[in-house]
Amino acid sequence: MFIGGEWVPSPSGQTYDSVDAMTQQHLTTLQLAGAEDVDRAVRAARRAFQDPAWKDMNAYNRSRLLLEIADLVEDNAEELATLDSRAMGGSMALTRWFAHHAAEVLRYYAGWPTKIFGQSGPSEAGQLTYTLRQPLGVVASIVGWNGPMDALAWKVGAALSTGNTVVFKPADSTSLTALRFAELLEQTSLPAGVVNIVTGSGRVTGEALITHPDIDKIAFTGSTAVGKHIMEVASGRLTRITLELGGKSPFIVYDDADLPAAAKSAAAAFLSGSGEGCVCGTRIFVQKSVREQFADLLATEMKTWNVGDPFHPDTMMGPLASREHYDRVTSYFDVAREDGASIAVGREHGTDDGLFVFPTLFDNVTNDMRIAQEEIFGPVAAIMPFTDTDEVVRLGNDTIYGLAASVWTRDLSRAHRTTSALQAGTVWVNTWGQMTPEQPFGGFKQSGIGRENGYTAIDDYTELQTLIVHL
Ligand code: NAP
Ligand code: MG
């Protein structure tokens, strides 16, 4: 683990295995941080927060440092991508995107230190009133396994640009890029303890981190269930939280849409990253008159998604991330069958498939079925017909989630009537999936609280302080 600028084992001697998603072979042995290790990391982060080397670093130098880190990530992108592909099975095309996106996110945040302002306000005679944005302190960052390197950049970039320090916990199954990232940090002049990496499970390491009395914010990306638990724990001391949680996003195709383009995008929307993405368009609503035509186009598109070894250049979808996750995803095939849905495109799974799940589209689905309501997090979607805007908005919003949506139509008015009625944090029109660090990202309803990226992240990583000075 990387604590206070040093590589340290857990004194408890507890370790766990990191496993290759493709071969299921042992990759390496990692330290399992217990409460004692987490406490050490939080204390290191607190010391760094108060250290003049960090606290008093001027905005230009903080910016320069973030740019330097971004360059190192980019220079080492191939290695970082390889580590993520091994650990979570994503194709190299996907994990290269993670690494390059991570560099861009860090560059985005490098632009902020010189642009964080308070405001001066109306003042009484003989007084001066103004506000400042103060860093929060120690941020506990916890992320899932589905985009290890980019999630890391979102969390570390936001925290560092605002002058905070971080204790970062990657998912236990995908901790390699975080550790390599820490090695890259050692090549910079980042003061010791500003970024600390603790490895281990959510139950042990994560729990110790979110319950630690000296953290000022929890920045979490993961499931809605764990997000709710974090909110409960945070209520004890009103610890600041941002939660980026699950989704069950509607992908809406009207009869006047560019159907071939919509079909290509619909396939990408639930197959990218083997469907292990929070914004996946897993409920595909198609207007009745074009239902058959669209389903044929989508079936053709789905066949172009090659499933295989993450390191093969033609592979678009690797295996699922872990045995546990594979079992969970494939269990939904039984759920679907029992609820009366049928497979329109795809196939049942044999036992000798490794952790591969092939692109699967379910038909004869109603929006109240479990496969339409629960996040499956695999390359699986449901196609459902609709009649008009009122109906598709009602169905689209009939979910506990509200992370994203995509709307396809050539009619500008219809597009805007639909988007304004959808409860979703990000809505794409005639496209899907673009995410840039300039744009705020987060969820309505049970898809989260707060936003990451964009100018709003700066608010979520600082406290507003009001000053009234008697002159
Ligand atoms: P998860 O089970 O909630 O795990 C997320 C992280 O939380 C992991 O690091 C996990 O540790 C840790 N954790 C688990 N229990 C914890 C506890 N009691 N206290 C503290 N930390 C704990 O989610 P996942 O299955 O890894 O990720 C998939 C989920 O993330 C999906 O729901 C997906 O939609 C969501 N997601 C959301 C976004 C977004 O931005 N909205 C982006 C990507 C993914 P271990 O895994 O090491 O045990
Ligand atoms: Mg996990």
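In region 207-226, what count of residues is obtained for those that are within 7 Å of ligand 1 (Cβ to nearest atom) and under 17 Å from the mean Cα position of the chain (by Cα)?
As a first pass, look at region 207-226 and keep what is within 7 Å of ligand 1 (Cβ to nearest atom): 207, 209-210, 220-226.
With the extra rule that they be under 17 Å from the mean Cα position of the chain (by Cα), the set shrinks to 220-226.
Matching residues across region 207-226 total 7.
Being touching a residue at least 12 places away in the same chain (Cβ under 8 Å) and in contact with a Leu (Cβ under 7 Å, 6 or more places away or on another chain) is true for just one of VAL335, VAL307, VAL279, VAL286. Which residue is that?
Working: VAL335 fails: in contact with a Leu (Cβ under 7 Å, 6 or more places away or on another chain); VAL307 fails: in contact with a Leu (Cβ under 7 Å, 6 or more places away or on another chain); VAL286 fails: in contact with a Leu (Cβ under 7 Å, 6 or more places away or on another chain).
VAL279 is the lone residue from the list that is touching a residue at least 12 places away in the same chain (Cβ under 8 Å) and in contact with a Leu (Cβ under 7 Å, 6 or more places away or on another chain).
Give the residue, chosen from ALA321, ALA263, that is of a type outside the set (Ser, Thr, Tyr), within 16 Å of ligand 2 (Cβ to nearest atom) and open to solvent by less than 20 Å² (accessible area, probe 1.4 Å).
Values: ALA263 fails: within 16 Å of ligand 2 (Cβ to nearest atom).
From the options ALA321, ALA263, the qualifying one is ALA321.
Out of all the residues in region 393-422, which are in contact with a helix residue (DSSP H, G or I) (Cβ under 7 Å, 6 or more places away or on another chain), open to solvent by less than 30 Å² (accessible area, probe 1.4 Å) and in a helix (DSSP H, G or I)?
Looking only at region 393-422, we keep the residues that are in contact with a helix residue (DSSP H, G or I) (Cβ under 7 Å, 6 or more places away or on another chain), and these are 393, 399-403, 405-409, 414, 417-418, 421-422.
Retained after the next criterion (residues that are open to solvent by less than 30 Å² (accessible area, probe 1.4 Å)): 393, 399, 401-403, 405-409, 418, 422.
Those that are in contact with a helix residue (DSSP H, G or I) (Cβ under 7 Å, 6 or more places away or on another chain), open to solvent by less than 30 Å² (accessible area, probe 1.4 Å) and in a helix (DSSP H, G or I): VAL393, THR418.
Sort through PRO170, PRO135 and tell me the only one that's touching a Pro at 6+ places or on another chain (Cβ under 7 Å) and at pLDDT 95 or above.
PRO170
Do the conditions hold for SER331, that is, is it open to solvent by less than 40 Å² (accessible area, probe 1.4 Å) and within 26 Å of ARG86 (Cβ to Cβ)? Give the derivation first.
Numbers: open to solvent by less than 40 Å² (accessible area, probe 1.4 Å): no; within 26 Å of ARG86 (Cβ to Cβ): yes.
Answer is no for this residue.
Just checking, how many residues over region 443-471 are at positive phi and part of a loop (DSSP other than H, G, I, E, B)?
Filtering region 443-471 down to residues at positive phi leaves 445, 448, 450, 453-454.
Now restrict to residues that are part of a loop (DSSP other than H, G, I, E, B): 450, 453.
Final tally of qualifying residues: 2.
Report, ordered by the first and then the second residue, all pairs with beta carbons closer than 6 Å, sequence separation of six or more or different chains, a first member in region 157-182 that is over 18 Å from GLU324 (Cβ atoms) and within 16 Å of ligand 2 (Cβ to nearest atom), and a second member that is at pLDDT 95 or above and assigned to a loop (DSSP other than H, G, I, E, B).
Every condition considered, the pairs that remain are LYS169/VAL198; ALA178/PRO170.
Within the bounds of region 424-435, is there any residue that is free of Cβ contacts under 8 Å to residues at least 60 places away in the same chain, assigned to a helix (DSSP H, G or I), of a type outside the set (Lys, Arg) and open to solvent by less than 50 Å² (accessible area, probe 1.4 Å)?
To start, the set of residues in region 424-435 that are free of Cβ contacts under 8 Å to residues at least 60 places away in the same chain comprises 425, 427-429, 434.
Within this subset, residues satisfying the condition of being assigned to a helix (DSSP H, G or I) are none.
Among the residues of region 424-435, not one is free of Cβ contacts under 8 Å to residues at least 60 places away in the same chain, assigned to a helix (DSSP H, G or I), of a type outside the set (Lys, Arg) and open to solvent by less than 50 Å² (accessible area, probe 1.4 Å), which makes the answer no.
Of THR330, THR315, THR304, which residue is within 29 Å of ARG96 (Cα to Cα), more than 16 Å from ligand 2 (Cβ to nearest atom) and touching a His at 6+ places or on another chain (Cβ under 8 Å)? Full working, then the answer.
Details: THR315 fails: touching a His at 6+ places or on another chain (Cβ under 8 Å); THR304 fails: touching a His at 6+ places or on another chain (Cβ under 8 Å).
The unique qualifying residue is THR330.
I want to confirm something. Restricting to region 268-278 and keeping residues that are of a type in the set (A, V, I, L, M, F, W, C), away from ligand 2 (no atom under 16 Å from the Cβ) and surrounded by 24 or more Cβ atoms within 10 Å (Cβ to Cβ), which single residue is farthest from ASP255 (Cα to Cα)? Step through it out loud before you land on a result.
As a first pass, look at region 268-278 and keep what is of a type in the set (A, V, I, L, M, F, W, C): 268-271, 278.
From what's left, away from ligand 2 (no atom under 16 Å from the Cβ): 268-271.
Retained after the next criterion (residues that are surrounded by 24 or more Cβ atoms within 10 Å (Cβ to Cβ)): 269-271.
On the way: ALA269: 19, PHE270: 21, LEU271: 23 Å.
By that ranking, first place goes to LEU271.
Scan region 296-318 for residues that are closer than 30 Å to ASP172 by Cβ and open to solvent by less than 80 Å² (accessible area, probe 1.4 Å) and jot them down. Walk me through how you get there before you give the answer.
Going through region 296-318, the residues closer than 30 Å to ASP172 by Cβ turn out to be 305-313, 315-318.
Once the filter is applied, which keeps residues that are closer than 30 Å to ASP172 by Cβ and open to solvent by less than 80 Å² (accessible area, probe 1.4 Å), region 296-318 yields TRP305, ASN306, VAL307, GLY308, ASP309, PRO310, PHE311, THR315, MET316, MET317, GLY318.
Evaluate region 150-163: report whether one residue or more is within 12 Å of ligand 1 (Cβ to nearest atom), open to solvent by less than 20 Å² (accessible area, probe 1.4 Å) and not in a helix (DSSP H, G or I).
no
Looking at this structure, is GLU36 open to solvent by 70 Å² or more (accessible area, probe 1.4 Å), closer than 27 Å to PHE311 by Cα and not aromatic (Phe, Trp, Tyr)? Write out each step before concluding.
Working: open to solvent by 70 Å² or more (accessible area, probe 1.4 Å): yes; closer than 27 Å to PHE311 by Cα: no; not aromatic (Phe, Trp, Tyr): yes.
No; evaluated as a whole, the condition is false for this residue.
Out of ASP17, ASP51, which single residue is loosely packed, with under 14 Cβ neighbours inside 10 Å and acidic (Asp, Glu)? Spell out the reasoning first.
Numbers: ASP51 fails: loosely packed, with under 14 Cβ neighbours inside 10 Å.
Checking each option against the conditions leaves just ASP17.
Go through region 74-110 and count every residue that is within 13 Å of LEU160 (Cβ to Cβ), touching a residue at least 60 places away in the same chain (Cβ under 8 Å) and open to solvent by less than 40 Å² (accessible area, probe 1.4 Å).
Total satisfying the criteria: 2.
Here is a check on your reading of the model: is VAL105 more than 17 Å from the chain's Cα centre (by Cα) and within 16 Å of ligand 1 (Cβ to nearest atom)?
On the way: more than 17 Å from the chain's Cα centre (by Cα): no; within 16 Å of ligand 1 (Cβ to nearest atom): yes.
Spelling it out, it is not the case that VAL105 is more than 17 Å from the chain's Cα centre (by Cα) and within 16 Å of ligand 1 (Cβ to nearest atom).
Just for region 347-359: of the residues that are more than 27 Å from the chain's Cα centre (by Cα) and not charged (D, E, K, R), which one is nearest to ligand 2 (Cβ to nearest atom)?
Ranking the qualifying residues of region 347-359, first place goes to HIS349.
Inspect region 114-136 for any residue being buried (at least 24 other Cβ atoms within 10 Å of the Cβ) and either more than 16 Å from ligand 2 (Cβ to nearest atom) or farther than 24 Å from ASP84 by Cα (or both) and give the result as yes or no. Even if it seems obvious, please write down each step before you answer.
First, the residues of region 114-136 that are buried (at least 24 other Cβ atoms within 10 Å of the Cβ): none.
So far as region 114-136 goes, no, none of its residues is buried (at least 24 other Cβ atoms within 10 Å of the Cβ) and either more than 16 Å from ligand 2 (Cβ to nearest atom) or farther than 24 Å from ASP84 by Cα (or both).
Could you check ARG451 against (1) in contact with an Asp or Glu (Cβ under 8 Å, 6 or more places away or on another chain); (2) away from ligand 1 (no atom under 13 Å from the Cβ) and say which number it fails?
So the condition that ARG451 fails would be (2).
Name the residue that is farthest from the chain's Cα centre (by Cα), counting only residues in region 177-203 that are surrounded by 24 or more Cβ atoms within 10 Å (Cβ to Cβ) and over 16 Å from GLU68 (Cβ atoms). Spell out how you get there, then give the answer.
Pass one, region 177-203, residues surrounded by 24 or more Cβ atoms within 10 Å (Cβ to Cβ): 177-178, 181, 193-200.
Among the residues that remain, those that are also over 16 Å from GLU68 (Cβ atoms) are: 177-178, 193, 196-200.
Numbers: THR177: 15, ALA178: 15, GLY193: 24, ASN196: 20, ILE197: 18, VAL198: 19, THR199: 18, GLY200: 19 Å.
My answer is GLY193.
The values are calculated or read from the model by the stated rules, or taken from the named source; none is laboratory data. Quick caveat: nothing in here was measured; it's all calculated off a predicted structure. A quick note on method: Cβ atoms are made from the backbone with ideal geometry, for glycine too, and the neighbour counts reach across all protein chains shown. Please note that ligands, DNA and RNA were not included when accessible areas were found on the heavy atoms of the full protein model with its side chains. Shrake-Rupley method; radii C 1.70, N 1.55, O 1.52, S 1.80 Å.
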